[in-house]
Structures are given as C-alpha cells and as structure tokens.
Amino acid sequence: MIEIRDLTVTFGPSTAVKDVSFTVAEGESFGLVGESGSGKSTILRTIMGLNKTWTGSITVDGRDTGKLPRKQLARLAQMVFQDPYASLHPRYVIGQQIAEPMKINGLPNPERRTAELLDLIGLGAKFQFRFPHELSGGQRQRVAIARALALSPKILLLDEPTSALDVSIQAEILNLLNRLRRELNLTFVIVSHDLAVISYMCERLMVMRNAEMVETLTREQLRARAFSASYTSELVAAS
Ligand code: ADP
Ligand code: MG
C-alpha cells in the first residue's frame, strides 16, 4: 500500500530525512519511533505532499505521489495530528467540519454520511451541532478521526495521535483506531515516541535517529528485545 525508497528530505541546508526506505502492506500498521527531531513527522508530511524538497520515490496504492493530483491523494491517505485542539476550527460546528472535505470533493449526501461517521467513531449524530470547545480532548480526537475518514481513505497517517490526551483516554482512542482498521481494512503509519503505544498498535516498526533509519523490527522482535542496534536498546531502556 505504501512504498518509500531512498527518501531524503531537506529544509535549506539541513537534512531532516536521509535515505529512508520502507514498505507497508495493505491492512498493516507500521510504527515510526525515535527521539524528537529525528524526522518522523517529516516522513508523514512528505507522503501527504506537504514538503516540496525531497528526492527518492513514494508510491501509495501503486501510484507515484509525485504525479498524483492533491485531490486524488486526499482520497487515498489522510493525516491525524497530535493536537485535536489545533486541528479543528474553533468557530464551526463539528458536523460542518466533517462534511467539508466531502463537499469539496463533490461526494453525495455529506450530511447523512457525517451522521454515519459520528456513529462510527462512537459519538453519535447529535454531536454534529456542537462546537469543538464543547467536547473533551478525547471526543475532539474522535472528531478529527471522523473527518480523516470522510473521503473513505485507505490509509491513515497518525502523528502522535494520543500524546496530547490524558492517559485514561489514550487507550480508548487506540482501541477505536484498532477497531476502525479492522472494520475498514485501513493501513496505518503511526508516529509515536511511546514504544508501548507502538508495540500495542503496530505489527512492524522502524527506529529512527538523526534523520536516518536505525533498524526495522517486528512487534515480536520488539517484545523479545531482539534488537540489532544498540541505539534501540537505549531507546527501550529510556521509555
Ligand atoms: P520528529 O517528528 O521526529 O520529532 P520532525 O520530522 O518534525 O521530527 O523534524 C525533523 C527535523 O526537521 C528537525 O530538525 C526539524 O527542526 C526540521 N524541520 C521539520 N519541519 C521543518 C520545516 N517546515 N522547516 C524547517 N525545518 C523543519
Ligand atoms: Mg513529530
């Protein structure tokens, strides 16, 4: 579903991602872990076409993202960000915000589908008239997930999706994401600094450091502490 080869991303003179390659199968959940500034979010943003200066190749569902129009890419892959406070508009009711991508893309029955999406993510259609400030952090992240699903994408790119939430709410959101992945056959790439989250959510993961890939592991290898890089041991020991 996702194939990344020799991806290098630069910002002026600095290199944020260097020669990174990985593939993610359909329905798989792939984790990116590593210290702050190691290039994880940059990889997700580059997949979404949000960075201009990169080399290598990115293929999503068999299509070269470099040649894919923005609207078509949006129907294949969507991003969910860490902070649902920042990613929702404060002055629009949430029903409007979930319906907006459907209206932009000319999808039929955006109102009915908005109600269905609110049911799907466990809030219910009556929430469509509320403003973001009338919701809890966890409820807001559910809305951000519903909006990401509005165009029925095959892929969700999740950037620290639970890091801004209270610990008690984190598991609810992770379990919601797992259920959605199963029910909708979604493919995930999840960025997290929390190895417990990655171990719970992902079949495979890549460890990053200073813009480079350190190693790729299966969940079983992570749990068995079967690392080949000493950096991974340090990362696990620190978390
Ligand atoms: P992570 O998500 O692993 O914490 P990022 O991908 O956000 O790391 O950042 C990787 C590096 O790229 C950092 O050094 C960061 O400062 C830099 N960077 C990220 N986005 C930009 C940008 N838009 N402009 C300039 N530098 C950036
Ligand atoms: Mg980041």
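The values are calculated or read from the model by the stated rules, or taken from the named source; none is laboratory data. Just so it is clear, the model here is predicted, and its values are computed rather than measured. Don't worry about glycine lacking a Cβ; one is built from the backbone with ideal geometry, like all the others, and counts go over all protein chains shown. Heads up: the accessible areas ignore ligands, DNA and RNA and are worked out on the full protein's heavy atoms, side chains in. Shrake-Rupley method; radii C 1.70, N 1.55, O 1.52, S 1.80 Å.
Numbers at a glance
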item: Matching residues in the stretch 40-59 - criterion: being out of contact with any Ser or Thr (no Cβ under 7 Å at 6 or more places or on another chain) and either in a helix (DSSP H, G or I) or within 16 Å of ligand 2 (Cβ to nearest atom) (or both); result: 40, 41, 42, 43, 44, 45, 46, 48, 50
item: Options 164, 146: the member that is touching a helix residue (DSSP H, G or I) at 6+ places or on another chain (Cβ under 9 Å) and either farther than 30 Å from residue 120 by Cα or at pLDDT below 95 (or both); result: 164
item: Any pair with Cβ under 9 angstrom, 6 or more apart, that starts in the stretch 24-44 at a residue that is more than 25 Å from residue 238 (Cα to Cα) and ends at one that is among the polar types (S, T, N, Q) and more than 13 Å from ligand 2 (Cβ to nearest atom); result: 24/187; 25/187; 26/185; 26/187; 27/185; 27/187; 28/187
item: Matching residues, the stretch 152-202, being open to solvent by less than 40 Å² (accessible area, probe 1.4 Å), among the hydroxyl-bearing types (Ser, Thr, Tyr) and either part of a helix (DSSP H, G or I) or farther than 17 Å from residue 239 by Cα (or both); result: 187, 199
item: Only listed residue being more than 21 Å from residue 187 (Cα to Cα), without any contact (Cβ under 8 Å) to a residue 24 or more places away in the chain and open to solvent by less than 70 Å² (accessible area, probe 1.4 Å), chosen from 124, 95; result: 124
item: Any hit, the stretch 46-68, residues being within 29 Å of residue 169 (Cβ to Cβ) and open to solvent by less than 10 Å² (accessible area, probe 1.4 Å); result: yes
item: The stretch 81-116: number of residues that are part of a helix (DSSP H, G or I), within 16 Å of ligand 2 (Cβ to nearest atom) and touching a Leu at 6+ places or on another chain (Cβ under 9 Å); result: 1
item: Every residue from the stretch 217-227 that is surrounded by 12 or more Cβ atoms within 10 Å (Cβ to Cβ) and either among the hydroxyl-bearing types (Ser, Thr, Tyr) or in contact with a helix residue (DSSP H, G or I) (Cβ under 8 Å, 6 or more places away or on another chain) (or both); result: 217, 218, 219, 222, 227
item: Check on residue 213, hydrophobic (A, V, I, L, M, F, W, C), over 13 Å from the mean Cα position of the chain (by Cα) and crowded, with 20+ Cβ neighbours inside 10 Å; result: yes
